[in-house]
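In what follows, a single structure is set out as structure tokens and then discussed.
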Amino acid sequence: MRFSAFDTSLWFATAVAPVATPALNERLEADVCVVGGGYTGLATALELACRGLNVVLLEAEEIGFGGSGRNAGHCTPTFHHHSIPQIRQMLGPVYGERLIARQTGANAVVAQYIARYNIDCEWQQNGYLMAAHTPSAMARLVLKTDEYNAVGQRIRLLDRDEACALTGSQRFHGGWFHPAAGHLNPLGYARGLARAVVQEGGRVFSRSAVCNVARQGGRWQVNTSNGSVLADKVIFATGAYSRLGWPGLDQTFRIQKVFVAATEPLPVSVRQQVLPLNTTTHDGRGDIFVYKYNAEGRIVASMFPMGRRGRDMAFTHQVMSERLHWLHPQIAKSVRWDYFWMGELDMQRKTIPRLYGLAPGVVALTGLAGRGVPTGSMLGGILADWATDVPAAELALNIEPIRAAPAYMSVAPSLALRYYRWRDNRAARHDGVELPPYH
């Protein structure tokens, strides 16, 4: 599969330089071979190296090439689609509670990595606002507040005046505020994790795509075009960018594209009025518009492609400019968008991470589905637990047999977006609220 261009993003232009990671051109031995140089693979390799294991990480392209280097940079330790009670219902009381604890505590893992290894990645922990785009939307946010606070979070429900003060927008009727959320330069964070792995004694190789994995005695030989790693255990952490390393792994999900764009740097006078505390903001609609600043004062905003949006660049810039101006008249409709890039999400039905047992001593994990920064970071601890022989019954994820994503997942995400847009438009009309441009 051809993936979207990587070097067109704001992050590629501004992230700190990567640590040297040569291509593998020799035969190595390791306790664990990790395949995939994104957050999940890097955090796993880091945890294993810190536990004293001999770990080798192989990346097909360069560190952070996948979603870890091209996402929007939001770090919000919540579940992307399901409520807390739904997570318990899907996974049962044991695995449900374990995953809830790991996910809601994931930002502490991110902050700890950044502090411990002095990772230069524009880290800002100024919170996340999910706005109420209509008065009736507040009812769902009240319920969401209660659910997350019941598991130890410190969520605040904001009224209209508080949401306006936090964002500078008169369009919001209140909001759900998570104070522990943050944002960062995602490629800078990935490169910092790679540097940390090397610092802890792990070996990291890029431009080293895995061709296949074969049993070699009681161990596994992970082969690339010019080298191999003989390991006791193998972990595939390739997510949406899975290729040929293990048969069927790339069929466990369906690709959903997302795009991110960054404006020109905005004047200080505007930034004092729009997101004055540099909070990540979600406009509350199911057809999402999420935005925040980078270190240069650019608005970085993300949306999903739909129809012409995401394909026709002039139209896409127009949609984003008018949405931003509608939310914040302080920003001119003529604002310039300097960067535009695409990424791929590994969507599957449950929209939570799935841990697959591929063979004795081999596992894979896919399904981050849009919560990559916190989720990928915390998954390293779970996979390191598996690799260090924590009993399966004690892991925070249940090990499942590999299975292909159902065929309907090829269309379900786009149909869901259209449903959410219809639902939100209906609610706005019912509440007598003005609809945004291109609704």
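The values are calculated or read from the model by the stated rules, or taken from the named source; none is laboratory data. As the structure is a prediction and not an experimental result, all values here were calculated from the model. Glycine also receives a Cβ, built like all others from the backbone with ideal geometry; neighbour counts cover every protein chain displayed.
A few remarks follow.
- Subset of the range 78-112 that is within 22 Å of V300 (Cα to Cα) and modelled with pLDDT of 95 or more - its residue that is farthest from the chain's Cα centre (by Cα): A111
- Flag for A314 being free of Cβ contacts under 8 Å to residues at least 24 places away in the same chain and either assigned to a loop (DSSP other than H, G, I, E, B) or charged (D, E, K, R) (or both): no
- Meets criteria (polar (S, T, N, Q), buried (at least 18 other Cβ atoms within 10 Å of the Cβ) and more than 24 Å from Y39 (Cα to Cα)) for T316: yes
- Residues that are out of contact with any Leu (no Cβ under 6 Å at 6 or more places or on another chain) and more than 27 Å from D31 (Cβ to Cβ) do not occur anywhere in the range 376-393.
- Top-ranked residue in the range 374-414 [being among the polar types (S, T, N, Q) and out of contact with any Pro (no Cβ under 8 Å at 6 or more places or on another chain); ranked as surrounded by the most Cβ atoms within 10 Å (Cβ to Cβ)]: S377
- All positions within the range 423-439 that are part of a loop (DSSP other than H, G, I, E, B) and closer than 11 Å to S136 by Cβ: G432, V433
- Residue match in the range 147-165 (condition: among the β-branched types (V, I, T), farther than 30 Å from L48 by Cα and in contact with a Phe, Trp or Tyr (Cβ under 7 Å, 6 or more places away or on another chain)): yes
- For G245, the stated conditions hold: it is under 24 Å from the mean Cα position of the chain (by Cα), assigned to a loop (DSSP other than H, G, I, E, B), crowded, with 17+ Cβ neighbours inside 10 Å and at pLDDT below 95.
- Odd one out for Q103, checked against (1) touching a residue at least 60 places away in the same chain (Cβ under 8 Å); (2) out of contact with any strand residue (DSSP E or B) (no Cβ under 9 Å at 6 or more places or on another chain); (3) on the phi > 0 side of the Ramachandran plot: (3)
- Here the range 231-246 is the region considered, the condition is being touching a Leu at 6+ places or on another chain (Cβ under 7 Å) and of a type in the set (A, V, I, L, M, F, W, C), and the residue that is nearest to P360 (Cα to Cα) is I235.
- Among the conditions (1) surrounded by fewer than 21 Cβ atoms within 10 Å (Cβ to Cβ); (2) in a strand (DSSP E or B); (3) of a type in the set (A, V, I, L, M, F, W, C), the only one that A231 does not satisfy is (1).
- Any chance L417 is closer than 30 Å to A132 by Cβ and surrounded by fewer than 16 Cβ atoms within 10 Å (Cβ to Cβ): no
- Set L345, L397, L368, L324: member being part of a loop (DSSP other than H, G, I, E, B) and under 30 Å from R298 (Cα atoms): L368
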